[in-house]
1. Given the criteria over 27 Å from R128 (Cβ atoms), surrounded by 13 or more Cβ atoms within 10 Å (Cβ to Cβ) and of a type in the set (D, E, K, R), does R181 qualify?
2. Select from the stretch 96-129 the residues that are in a loop (DSSP other than H, G, I, E, B) and in contact (Cβ under 8 Å) with a residue 12 or more places away in the chain and write down the one among them that is surrounded by the most Cβ atoms within 10 Å (Cβ to Cβ).
3. Which one is nearest to Y139 (Cα to Cα), of the residues in the stretch 163-177 that are surrounded by 17 or more Cβ atoms within 10 Å (Cβ to Cβ) and either out of contact with any Leu (no Cβ under 7 Å at 6 or more places or on another chain) or without any contact (Cβ under 8 Å) to a residue 12 or more places away in the chain (or both)?
4. Suppose we keep only residues that are surrounded by 14 or more Cβ atoms within 10 Å (Cβ to Cβ) and either of a type in the set (F, W, Y) or in a loop (DSSP other than H, G, I, E, B) (or both) within the stretch 55-95. Which one would you say is modelled with the lowest pLDDT?
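The values are calculated or read from the model by the stated rules, or taken from the named source; none is laboratory data. Note that the coordinates shown come from a computational prediction; the quantities given were computed from them, not determined experimentally. Cβ: placed from backbone, ideal geometry, glycine included. Neighbour counts: every protein chain shown.
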Amino acid sequence: MADVFTDLQTETEALAELAERHGYGPGPDLTGYFARLTSTARLVRLSAENPGAFGVTPQISYASLDEAIVTWLIEQRKANALLASAPAKPELPWSDGPLRPSVLAAAALTELFARGQDIADALGVRPRRDDEIGHVAYYGVRTRDRAYRRHQRTPPGPFRFELLAPSGARWDFGPEEATDRVAGSAEDFCLLVTGRRNAEDLALTFSGEHTAEWLELLEN
């Protein structure tokens, strides 16, 4: 995988290009998707620029899709630049707790992946997927325990994740000796952990005592 900050900028421009190519004219209203992306970008900016004031940003609405896309792109580029130039310490505030700038960039990439998939689904097109999604997969692995905490459950021991990248490379996360294992397409794994597809529709396999419970918690 390449540098996460570079990949975050690459995915930003790819989503802007998708919107430019398919988003204007007759069709679904994409304004709400870009308003939510703008809210996230502003939270990232606040985390990096003024951590002491980090909190919930107000809901955003726009009069036109053009305004929504342009505003999001400006905010996202600023957020990306701030993360890329931030020192490794201190960690930056985020909803899941303080994160290193590189991990917060992976979280921002995950949001771009999820909303980008929503936009592509609304338009009826397939988004470009390259190895930039490796950071989304990493963040999905890193936040595995979120599903347990949401349901007041105690997480089990670590899982092993063996994922096939778009390039054909294999990405492994977790101890090799783990008996709970998830394997298959990295793109499908990203769709699963972002809640964009259900496991039954994806090219993934699950084995071990605890993966079924994790899936149930993840999808509910």
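1. yes
2. R129
3. Filtering the stretch 163-177 for residues that are surrounded by 17 or more Cβ atoms within 10 Å (Cβ to Cβ) and either out of contact with any Leu (no Cβ under 7 Å at 6 or more places or on another chain) or without any contact (Cβ under 8 Å) to a residue 12 or more places away in the chain (or both), the one nearest to Y139 (Cα to Cα) comes out as F173.
4. T57
The rows are residues; the columns are (1) closer than 20 Å to V193 by Cα; (2) outside the structural domain of R146 (by TED's automatic domain parsing); (3) touching a Pro at 6+ places or on another chain (Cβ under 7 Å).
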residue	(1), (2), (3)
Y33	yes, yes, no
F54	no, yes, yes
W72	no, yes, no
Q76	no, yes, no
L112	yes, yes, no
R115	yes, yes, no
